[in-house]
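The values are calculated or read from the model by the stated rules, or taken from the named source; none is laboratory data. It should be emphasised that the depicted structure is a prediction, and the values quoted were computed from it without experimental measurement. Every residue, glycine as well, gets a Cβ built from its backbone with ideal geometry; the counts of neighbours run over all protein chains shown. For the accessible areas, the whole protein counts, side chains as well, though only heavy atoms, and no ligand, DNA or RNA atoms are used. Shrake-Rupley method; radii C 1.70, N 1.55, O 1.52, S 1.80 Å.
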Amino acid sequence: MANSLQRYKPELSLMETLIEEGRTLMEARDYPRAAQYWVTLLQAWLPHAEQFEQNDENGETLGYLQEAVEAAGEVFSEVQNPSLRAELVEVLWRAYVADLEIGGLDLAYAVPEQIAAWATPEERARVLEWARAQMARTQGFVRQELGGLILKLSDKMDNEGYLELCRQSGRSEDLVKRLLELGRVEEARTEAEQASLGKPGLRDHFLQQFVEHGFGSQARAMAEGMLRTRKDRNLQRWLCDYLQQEGDWEEALWLAEEMFWASPTLKGYLELAKLSGKLGRWSERQPLVLKGLEEKGAWSLLVEIHLHEGRPEEALLAYRKAGETRSTFWSGWLRVGLDELGLKLAQALEDTQPQEALSIYRQQAERLIEYRSRDAYREASRLFKKVLALYQKQGQKAEWLAYVSGLKQTHARLRALQEELSRAGL
């Protein structure tokens, strides 16, 4: 076994066998032998954790290493022999450090909890000593994780010691949270603003922490101050949501308007409708918004809005306008967008304006043929079936026969299209 364990990249079948042997000892409740087994195994494997990670495409090698670490932690709770426990503590610590050094892949994710739950005060003190020494030699992510371990294992630490350790290890989230718990709001604000520079996700997290600790007005002031120096849509979104939670409809509407006109969407339009409705202004505001969208040439959005609000005829007019701009501003993105809108519009027009719906379906199906692929032909055939149904609904069977005959003749060389039309019964 000793020779096999010294190999830094053993065969997966060998690793699996070694793990099973250790599990067998644990199932037999032979914890002293199991403890010595896992210590020996990890002492052989851990020095090569980085090579395991580099040569492990499917995660299997590291998976076996993780199993060994977890098993060592499990047996730690069952062993009483002081020397065995000392070896287990040391190997668990080494596994934790090895995991951090290869980027924190959760190789030893359970170790902090295992040591916190089952270590004696003396064993904890030993790990704390190692952690503080290691932290002094590291930076960045590793330093932060070591700081977290020290916080977890330190039973007797006053607030100032806690805050100082957070600062030393770069654990800004724990630092801000504790400052807020202590009511030291201005300090928390300073720390949050410094730590979140260039990190919008962390900034929004800090703002939410202020709200959750009952300092919503300070969070609002922070957000408004940041927006005065730099426009940030995510921050605008956070502030708008907060204002709505607080029932400040006036300010929320002002901010929602600014976001909407910077990037108009149906979701933004519906938010304007909701907020204006809260203030009793939507009936007078809606026509101005629609006119503003027309002036911006946002015809595709107007199609969406009119369809959402049950005005298919107005949606048709906007769709035609969108088609006019298509010849000037053509792109694959716009094409796909208009196709989706066109299909929604055609469906809405089937009962009231079947000829218009028929025309749109035809246009969309013919456009699909241009893609020259079997999937496109299949989708086009599905749309042509809708075209047939609308011709029949209007008693225009002869017109359909003339149209489909001309279609097949025009694309006579497209064998795959002909097959899909035939398969669809056309």
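Table for the structure above
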{"read-out": "Any chance Ala223 is under 28 Å from the mean Cα position of the chain (by Cα), within 30 Å of Trp261 (Cβ to Cβ) and aliphatic (A, V, I, L, M)", "value": "yes"}
{"read-out": "From Arg94, Arg132, residue being touching a helix residue (DSSP H, G or I) at 6+ places or on another chain (Cβ under 6 Å) and either assigned to a helix (DSSP H, G or I) or among the aliphatic types (A, V, I, L, M) (or both)", "value": "Arg94"}
{"read-out": "Selection count, region 280-294, where residues are open to solvent by less than 70 Å² (accessible area, probe 1.4 Å) and among the small types (Gly, Ala, Ser)", "value": "2"}
{"read-out": "Selection within region 246-265 - open to solvent by 40 Å² or more (accessible area, probe 1.4 Å) and in a helix (DSSP H, G or I)", "value": "Trp249, Glu250, Glu251, Trp254, Glu258, Trp261, Ala262"}
{"read-out": "Identity of the residue in region 140-162, in contact (Cβ under 8 Å) with a residue 40 or more places away in the chain and crowded, with 17+ Cβ neighbours inside 10 Å, that ends up farthest from Gly104 (Cα to Cα)", "value": "Leu153"}
{"read-out": "Test for Arg372: is it outside any helix (DSSP H, G or I), over 23 Å from Leu345 (Cβ atoms), touching a residue at least 12 places away in the same chain (Cβ under 8 Å) and open to solvent by 80 Å² or more (accessible area, probe 1.4 Å)", "value": "yes"}
{"read-out": "Every residue from region 63-101 that is surrounded by 19 or more Cβ atoms within 10 Å (Cβ to Cβ) and within 31 Å of the chain's Cα centre (by Cα)", "value": "Tyr64, Leu65, Gln66, Val69, Ala95, Tyr96, Val97, Ala98, Asp99, Leu100"}
{"read-out": "Pairs, first outside any helix (DSSP H, G or I) in region 271-293, second open to solvent by 50 Å² or more (accessible area, probe 1.4 Å) and of a type outside the set (Phe, Trp, Tyr), C-beta under 8 Å, six or more apart", "value": "Leu279/Glu250"}
{"read-out": "Residue in region 79-98 that is in contact (Cβ under 8 Å) with a residue 12 or more places away in the chain, of a type in the set (D, E, K, R) and more than 18 Å from Ala34 (Cα to Cα) present", "value": "yes"}
{"read-out": "Region 378-398, subset in a helix (DSSP H, G or I) and more than 16 Å from Gln363 (Cβ to Cβ), residue least open to solvent (accessible area, probe 1.4 Å)", "value": "Ala389"}
{"read-out": "Residue in region 22-30 that is in a helix (DSSP H, G or I), open to solvent by less than 80 Å² (accessible area, probe 1.4 Å) and of a type in the set (Asp, Glu) present", "value": "no"}
{"read-out": "Subset of region 139-157 [out of contact with any helix residue (DSSP H, G or I) (no Cβ under 7 Å at 6 or more places or on another chain) and within 22 Å of Val91 (Cβ to Cβ)]", "value": "Gly148"}
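This table checks each residue for (1) within 26 Å of Glu313 (Cβ to Cβ); (2) more than 39 Å from the chain's Cα centre (by Cα).
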residue: Asp339; (1), (2): yes, no
residue: Lys344; (1), (2): yes, no
residue: Leu349; (1), (2): yes, no
residue: Glu356; (1), (2): yes, yes
residue: Glu366; (1), (2): yes, no
residue: Glu370; (1), (2): no, no
residue: Ala376; (1), (2): no, no
residue: Ser381; (1), (2): no, no
residue: Lys386; (1), (2): yes, no
